Amino acid sequence: MTTHRFNQPLGGNEMPRFGGPVTMMRLPSQPTAEGLDACFVGIPMDIGTSNRPGTRLGPRQIRDESRMLRPYNMATGAAPFEHLQVADIGDVPINTFDLKKSVDIITEFYRGILAHDVIPLTLGGDHTLTWPILRAIKEKHGPVALIHVDAHADINDEMFGEKVAHGCPFRRAYEDGCLINDKVFQIGLRGTGYGPADFDWGRERGWRVVQAEECWHKSLTPLMAEIRAIIGDAPVYLTYDIDSLDPAFAPGTGTVEPGGLTIWQGLEIVRGAAGLNLVGCDLVEVSPPYDPSGNTALIGANLLYEMLCVLPGVGKGHAD
């Protein structure tokens with residue numbers, strides 16, 4: 001019998017896939033990030049949404065749909081559970097009646113996570129949550145490069161007169177000095193808008209905006225090679241909004257836009273982050289009420305696993 005040095009997902013031959021703990025990949029759970037190299041953490045929040053709600057249920061559904069994931073990546077050769085100590089540390093206890101209080105709760109919670117030498121992988125939850133995470137990341141790592149995959153730029157100054165909403169996180173992160181502005185990439189933006197500034201605001205600050213139409217009918221592997229060269233060894237945060245994918249693949253989200261990325265392009269983006277100094281990742285905006293087949297949450301779970309596979313220290317193959 002093989003003895004493992006690190007935590008392992010509960011295998012399908014040890015417990016049926018429909019049984020066992022409802023943790024990410026059926027990993028062990030623990031209350032804090034102590035002793036971990038990476039952790040999965042949920043933020044069950046949808047009070048920042050502007051259209052269809054339901055992302056408060058996203059973390060639980062992503063965990064449930066992760067039950068089919070196995071430890072070895074057959075495509076890339078990554079074996080993260082041979083190199084990293086990983087566990088699911090549960091959910092951030094947001095205040096579901098107060099969005100402004102919740103963003104402060106999130107920042108304080110991530111300060112606690114980052115007090116350990118650990119990389120958080122976040123299950124969302126609406127996209128508001130990335131801003132308070134980046135505030136905590138800045139305190140630990142300084143300003144970061146950003147790979148932002150999304151149908152929307154999320155750089156609104158206000159929504160209904162409010163500065164805190166899921167359409168505003170990257171305006172707030174910019175204002176808080178969380179970003180290295182010549183190393184910010186927004187991929188997959190598309191749809192209708194109120195004017196050119198919807199996408200050009202970031203460009204005017206040195207960000208690279210890659211609209212979805214630029215991605216049609218092509219591999220994104222060359223784009224990711226360019227991004228890696230520009231980012232270099234800077235700390236980088238990867239935030240992935242599931243609505244970046246075309247709704248043919250991922251309908252279970254609140255603000256769908258046609259003409260989006262394919263699943264294989266999404267995989268190319270995440271796998272293309274291998275070798276970067278990733279200090280955190282998130283997968284947001286999965287809304288189970290609009291996901292009757294579970295496929296959107298299933299894709300989200302797989303993308304989170306792919307993020308784990310490209311973290312520093314994973315490499316390829318089994319540890320010695």
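The values are calculated or read from the model by the stated rules, or taken from the named source; none is laboratory data. Values in this document were obtained by computation on a predicted structure and should not be read as measured data. Here Cβ is always computed from backbone atoms with ideal geometry, including for glycine, and neighbour counts include all displayed protein chains. Keep in mind that these areas ignore ligands, DNA and RNA; they rest on the heavy atoms of the full protein, side chains included. Shrake-Rupley method; radii C 1.70, N 1.55, O 1.52, S 1.80 Å.
Taking all protein chains into account, the per residue accessible area for the chain stands at 41 Å² (1.4 Å probe). For region 130-263, what does the alpha-carbon gyration tensor say about shape, rounded, prolate or oblate, given a ≥ b ≥ c as the root eigenvalues, a/c under 1.5 as rounded, and a/b over b/c as prolate? The shape class here is oblate.
The listed peptides 12-18, 269-275, 251-257, ordered by packing as a protection proxy, come out as 251-257, 269-275, 12-18 (highest mean of other Cβ atoms within 10 Å first). Annotation: extensible slack from HIS116 through ASN51 equals 19.8 nm (criterion: 0.36 nm per residue apart, minus Cα-Cα distance). Its DSSP H runs of at least 4 residues, each contributing -39,500 (n - 2.57), put the calculated 222 nm mean residue ellipticity of the chain at -8000 deg cm²/dmol, to the nearest 500.
Neighbours of ASP282 by Cβ distance under 12 Å: Lys/Arg scored +1, Asp/Glu scored -1, total -4.
Just check the chain against the gyration tensor rule for me: Cα atoms, a ≥ b ≥ c as the square roots of the eigenvalues, rounded for a/c under 1.5, and otherwise prolate or oblate depending on whether a/b exceeds b/c. Rounded. For MET15, the shell of other residues with beta-carbons less than 10 Å away shows a net charge of +2, using +1 for Lys and Arg and -1 for Asp and Glu.
Each part gets one Cα centre, and for region 270-305 versus region 122-148 those centres are 15 Å apart.
Think of each Lys and Arg Cβ as +1 and each Asp and Glu Cβ as -1; about the Cα centre, that makes the dipole of the chain roughly 520 debye. A Gaussian network model of the chain, with springs between Cα atoms under 10 Å, assigns the largest mean-square fluctuation among ASN51, ASN295, ASN73 to ASN51.
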